[in-house]
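The block underneath contains the structure these notes are about, expressed in structure tokens.
Read-outs throughout are calculated quantities, based only on the coordinates presented, and are distinct from any laboratory measurement. None of these values were measured; they are calculated from a predicted model. All Cβ positions, even for glycine, are placed from backbone atoms using ideal geometry, and neighbour counts span all protein chains on display.
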Ligand SMILES: [Fe+2]
């Protein structure tokens, strides 16, 4: 196995030797063949279909309809973009005027003709539809396999997969029929780990010329692997630090006594460049900004994605803001906060009684990494507008806290609290492994684990009950479960928030 892995790595490093249309995980015959297909909600009656190709497409076009055999509708765009160092182009087409909660089929046009196999997705339940649904939540989930987390380790790396152990992507794929859609609030591919993987001799050293290719191979391997999920279920992302950074900026090669700066990183790696190109989150319909902050409704819930990395407002700097390695601000002063307040204030709680915010960094956590600038800005708004749940990661542990505001635990706990519920599950897995809990745990923490990889499910039962399950990635079983109760009369649709 070790020999095979090494041989593969060497093949990747020798970029001139690989086929033209090899992206780190798979090879395709034609440069216009779609790879990495993904769907995102876009307003109440739309989705954005995105995919990558090895060649720019003049006019990305999708045929679609409710039946797979007669795709009578067509949508197209001129949105086929790339960035320095990328090996592919990201193509985006918006499909509008769709029926809610309806199965659609779509085909991608390749060189003027249809692709062979139609894919299928389901549109969002309309706001005000109070039928139950389930959302998959992964945070800090990076590349699995020989370019990321596997059963092999580099020198000094920890938490490899056990032989035969399922990855989060594999388990999520097995359970996909249970999920309506998947959210990934930050730290997506961990392609920036290429530097650490080379220093730790997990991947062979490459020259400065080849470094960007290794970075992009990892990036593509992640989205290729994820296609089992994203081509069937909408995949909604938020920015995390690994969308901007250079493996935390100061990676040390202790063996050779070298500390790398951001100068080692390819230009396409920094400044959220790939993240801005690869996705088209619904900031247009919700008045947000690019993929940084936006919102959307699904049935009885209003989902908000915030940017904890930049643009915190009130003169506070985001953790990833300002340095040459990092980036932002992307909006005007206070733009994100002003938007968030307006967005939360405009929620019709009779239609969407649940309000859930997804962001990357924790405000409350027993493993450190707390973003105090984030909580200073966002927490008062969460409290003022009755946000039910804030779900995040960044810390590579699972940490379910009590509802809390301003460091005071809500005495009602999960029984109709006045405060927002805070959950961290950044343990979905990537080359860097897991973090460590600090003991004693914080007094507000109700359950935590730092032993194994996991993801979460949010089960919206009705207007008053929301269950969060923490699931082992290795076997798909639930290891922690808690239900939030809000005292709302679902039958009447009348309650006070
Ligand atoms: Fe992070």
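Quick one: what does P(r) look like for region 324-440 with 10 Å bins over all Cα pairs, in whole %?
All Cα pairs considered, the percentages come to 13, 40, 34, 13, 1.
Between residue 176 and residue 208, with labels modelled 7 Å along Cα→Cβ, what's the label distance in nm to one decimal, could you check?
Each label point lies 7 Å from its Cα, and together they span 4.3 nm.
Below 8 Å between Cα atoms, with a sequence gap of 6+, how large is the relative contact order for region 215-305 in percent?
Result for region 215-305 is 21 percent.
Once Rh is set to the Kirkwood radius over Cα pairs, what Stokes-Einstein translational diffusion coefficient, in µm²/s, holds for region 255-316 at a temperature of 4 °C and a viscosity of 1.567 mPa s?
90
Using only Cα atoms, locate the centre of region 177-222 and the centre of region 432-497, then give the distance between them in Å, rounded to an integer.
Each part's Cα centre sits 28 Å from the other's.
Explain nothing, just the number: relative contact order of region 133-485, from Cα pairs under 8 Å at least 6 residues apart, as a whole percent.
19
Can you work out the base-10 log of I(q)/I(0) for region 26-122 at q = 0.20 1/Å, using the Debye formula on its C-alpha atoms alone?
Ignoring solvent entirely, the Cα scatterers give -0.96.
Quick one: compute the contact order of region 26-122, relative version, from alpha carbon pairs under 8 angstrom and 6+ residues apart, as a percent.
28
Cα centroid distance between region 357-389 and region 45-67, in Å?
Between the Cα centre of region 357-389 and that of region 45-67, the gap is 36 Å.
Using the count of nearby Cβ atoms within 10 Å as a rough guide to exposure, how do 307, 432 rank from fewest to most?
So the ranking, lowest neighbour count to highest, is 432, 307.
Would you please classify the overall shape of region 394-495 from the alpha carbon gyration tensor, given that a ≥ b ≥ c denote the square roots of the eigenvalues, rounded means a/c under 1.5, and beyond that prolate means a/b larger than b/c while oblate covers the rest?
oblate
Going by how many other beta carbons lie within 10 Å of each one, how would you line up 123, 74, fewest first?
74, 123
Principal axis lengths of region 59-99 from Cα atoms, whole Å, largest first?
Computed over region 59-99, the largest-to-smallest principal extents equal 39, 19, 16 Å.
In terms of the Cα gyration tensor, with a ≥ b ≥ c the square roots of its eigenvalues, is the chain rounded because a/c is under 1.5, prolate because a/b exceeds b/c, or oblate?
Verdict is oblate for the chain.
Taking other Cβ within 10 Å of each residue's Cβ, how do 258, 47 sort, fewest first? It would help to have the intermediate numbers written out before the result.
On the way: 258 11, 47 24.
Exposure proxy ranking, most exposed first: 258, 47.
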